Structures are given as C-alpha cells and as structure tokens.
Amino acid sequence: MHFSHLDIRGACLIEPELIGDSRGSFARNFCAREFAEHGLATEFPQHSISRNVLKGTVRGMHFQTAPHEEAKLVWCTRGAIFDVCLDLRPGSPTFRKWIGFELSADNGRQLYIPQGCAHGFQTLTDDAEIFYRISQYYAPEASVGVRFDDPAFGIEWPLPVTAMSDRDRNLPDFPNFPNFRGS
C-alpha cells in the first residue's frame, strides 16, 4: 500500500500496490501494522455499506460529536464516487478546508477521514457501492452534519445533485451549527 498524507492533518489517501498475473490481481487494502506506522486508527469496530442507485447522489456532510468522534476509512467497491473530507476542528490550521478525491472500484483508492472531520460523497456512476470502516460505534445522539453546499466551505461537487435524503437537504449551514457558534 502507498500512503499519501494530505493537506488536512490526519487525512490520508491509501492506494493499493497491485500484483497482477494472468488470473487478475491481488492487493492488500488494510494492514494494522502499516496503518499504525502512519499514525492512523487500526481498530474499526463498525463496518457499513452504502448502495446508491443514481449518478449524482450526494450523501453528507456527516460526523459524530465528542465523545463519539470517529475516524473513517472509505473506499468504493462498485462504480465511482467523489469523496470529500471537511476539517471541522476549530484549532486546526485547515479548519473549514476540504479535500476531495475520486475513489472507484477500478483505482482501489481509500480515503482516511480523521476524527473531527465531516465526510460526504457524490456518486459519479449509477449503481455505486461504498464501504466504510469506522473507529467508533454509531451514536445517534452524536450524529450530526452540515450542508453539502454551505458557502462557508465552497465544496466543488463535480455533478448536479440528482438524489439526496431529506435529512441531508435540511442540515444546518455552518454559521447556524450549534457547536461552532463564536468560532
């Protein structure tokens, strides 16, 4: 695996090192020892999967508040997505900055989202499937988010939105988010 540490502290793009032959290819997508060597979480007690029918679907921007903050390791197992990490840590030098990458079944990339960052994605293909490893158990009382199109962040989504949940559509803009007043 190749680890690229990104502009947002703690975020990392992980790319597989494919070994190929006439049968196809083989690659590791997780090794606790290598993740620990790069300062990344190695315990993921919860795994989740997201299936999305339509190209242009947006999910996010989600995160959990303390004491249930979570790191996520995200990869696309079918189709392709534009995956986004948004830094919402008030003391961070990249506070309110975002990064985004194409993850696809073909490129095998994974995006590591550190604690304190929001996560969201947009599907670039119909029938996209996304798999998550999550470092904390889901805590409904700590599950929150901010709007995907909030001008405070200026996330540049690649496609028009075709589908979104009512919950995501009604998430608050950043200036109205209760935990960030006065930031």
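Observations on the structure shown:
- Filtered residue count, segment 91-114, keeping only those that are outside any strand (DSSP E or B) and of a type in the set (Asp, Glu): 1
- Within segment 51-73, residues that are over 19 Å from Arg109 (Cα atoms) and of a type in the set (Ser, Thr, Tyr) have Cβ atoms under 7 Å from residues that are in a strand (DSSP E or B) and modelled with pLDDT of 95 or more in these pairs: Thr57/Gln122; Thr57/Thr123; Thr57/Ala163, counting only partners at least 6 apart in sequence or on another chain.
- Taking (1) closer than 15 Å to Gly154 by Cα; (2) among the aliphatic types (A, V, I, L, M); (3) more than 13 Å from the chain's Cα centre (by Cα) in turn, Leu54 satisfies each apart from (1).
- In segment 23-45, of all residues being at pLDDT 95 or above and of a type in the set (Gly, Ala, Ser), the one that is surrounded by the most Cβ atoms within 10 Å (Cβ to Cβ) corresponds to Ala41.
- Residues of segment 76-88 satisfying the condition of being hydrophobic (A, V, I, L, M, F, W, C) and either outside any strand (DSSP E or B) or surrounded by 23 or more Cβ atoms within 10 Å (Cβ to Cβ) (or both): Cys76, Ile81, Val84, Cys85, Leu86, Leu88
- Boolean, Ala66 is within 21 Å of Gly116 (Cβ to Cβ), modelled with pLDDT under 95, part of a loop (DSSP other than H, G, I, E, B) and out of contact with any helix residue (DSSP H, G or I) (no Cβ under 6 Å at 6 or more places or on another chain): yes
- Residue count, segment 139-155 (criterion: of a type in the set (Phe, Trp, Tyr) and touching a Lys or Arg at 6+ places or on another chain (Cβ under 8 Å)): 1
- Pairing each residue of segment 147-165 that is at negative phi with any residue that is among the aliphatic types (A, V, I, L, M) and at pLDDT below 95, provided the two are 6+ apart or on different chains, yields C-beta distances under 7 Å for Arg147/Leu171.
- Checking each residue in segment 89-109 for being within 15 Å of the chain's Cα centre (by Cα) and surrounded by fewer than 17 Cβ atoms within 10 Å (Cβ to Cβ) picks out Lys97, Glu102.
- The sole residue among Arg133, Arg147 that is touching an Asp or Glu at 6+ places or on another chain (Cβ under 9 Å) and of a type in the set (Lys, Arg) is Arg147.
- The numbered conditions (1) at negative phi; (2) under 21 Å from the mean Cα position of the chain (by Cα) are all true for Gly20 except (2).
- Residue within segment 51-62 that is assigned to a loop (DSSP other than H, G, I, E, B), modelled with pLDDT of 95 or more and touching a Leu at 6+ places or on another chain (Cβ under 9 Å) present: yes
- Of the set (1) without any contact (Cβ under 8 Å) to a residue 60 or more places away in the chain; (2) crowded, with 16+ Cβ neighbours inside 10 Å; (3) out of contact with any strand residue (DSSP E or B) (no Cβ under 7 Å at 6 or more places or on another chain); (4) not aromatic (Phe, Trp, Tyr), all apply to Gln115 but (1).
- Qualifying residue in segment 122-136 (condition: surrounded by 16 or more Cβ atoms within 10 Å (Cβ to Cβ), part of a loop (DSSP other than H, G, I, E, B) and of a type in the set (Lys, Arg)): no
- Every residue from segment 3-23 that is closer than 21 Å to Arg96 by Cα and not in a strand (DSSP E or B): Leu6, Asp7, Ile8, Arg9, Gly10, Ala11
The values are calculated or read from the model by the stated rules, or taken from the named source; none is laboratory data. These numbers come from a predicted model, not from an experiment. No Cβ is skipped: glycine too gets one built from the backbone with ideal geometry, and neighbour counts run over all protein chains shown.
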